[in-house]
Amino acid sequence: MKELLKLTKAGSKSPYLVFHLIDNDTLLFNWNGFLDVDNIIKVHEQSLELIKKHKIVNLIEDVRKFSGPFSKANDWFINTYTPSIIKLGVKKTAVILNDNVFTELSVTDLKENPEFKKMGLLYRVFGSMEDATEWIREDSKQTV
């Protein structure tokens with residue numbers, strides 16, 4: 001796993017997000033702490049360059065250390081981000097959830113949205129990194 005980018009709020013020593021490259025085609029978002037919707041959108045916009053540069057086909061969003069809702073960003077995910085990542089070649093997204101009810105509701109709202117489902121992005125939720133990476137690898141092996 002190779003660290004690509006670390007984002008830290010001004011005055012903080014702990015990063016709120018670290019991007020890692022896994023298996024040369026998977027981008028890991030490793031979230032930490034509370035972020036507002038504007039920052040969540042900004043971070044995902046930054047990820048587009050990494051996806052393009054590294055020819056990413058899989059995303060893993062580890063939100064186990066993330067807190068707060070982001071459902072207000074779901075329209076942006078549906079109308080802007082998801083079409084952009086699909087155009088760049090992303091096929092699958094795995095989300096590793098924590099037990100924060102607001103985060104879980106936000107993920108469920110996105111996953112169950114009919115417009116999001118029509119886009120064809122494979123999107124699954126997991127409880128562990130091991131399960132998420134296994135799903136990413138299994139599907140990659142089947143498509144080769």
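In whole Hz and in residue order, list the ³J(HN,Hα) couplings for the stretch 16-25 that follow from phi through the Karplus curve 6.51 cos²θ - 1.76 cosθ + 1.60, θ = phi - 60°; x for Gly and Pro.
Whole-Hz 3J(HN,Hα) from phi for the stretch 16-25: 8, 7, 10, 8, 10, 9, 10, 6, 6, 9.
What aspartates and glutamates sit close enough to Lys55 to cross-link, taking a C-alpha to C-alpha distance under 15 Å and skipping anything fewer than 8 places away on the same chain?
Filter leaves Asp23, Asp25.
In the stretch 24-72, which chymotrypsin sites (Phe, Trp or Tyr not before Pro) are in a loop and have at most 11 other Cβ atoms within 10 Å, using DSSP for the loop call?
Of the chymotrypsin sites (Phe, Trp or Tyr not before Pro), not one in the loops of the stretch 24-72 has a Cβ with at most 11 other Cβ atoms within 10 Å.
Please work out the Cα center distance from the stretch 11-49 to the stretch 74-91, rounded to the nearest Å.
16
Determine the alpha carbon to alpha carbon distance for each of Lys13/Lys92; Lys42/Lys65; Lys2/Lys72; Lys42/Lys117 and list only those over 29 Å.
Lys13/Lys92; Lys2/Lys72
Amide H neighbours of Tyr123 under 5 Å, at least 5 residues apart or on other chains, H built in the peptide plane: list them.
Placed amide hydrogens put Thr93 under 5 Å from Tyr123.
Bear in mind that the values in this text are calculations on the coordinates, not laboratory data. Fair warning: this is a prediction, and the values are worked out from it, not measured in the lab. Positions of Cβ are backbone-derived with ideal geometry, glycine not excepted, and every protein chain shown enters the neighbour counts.
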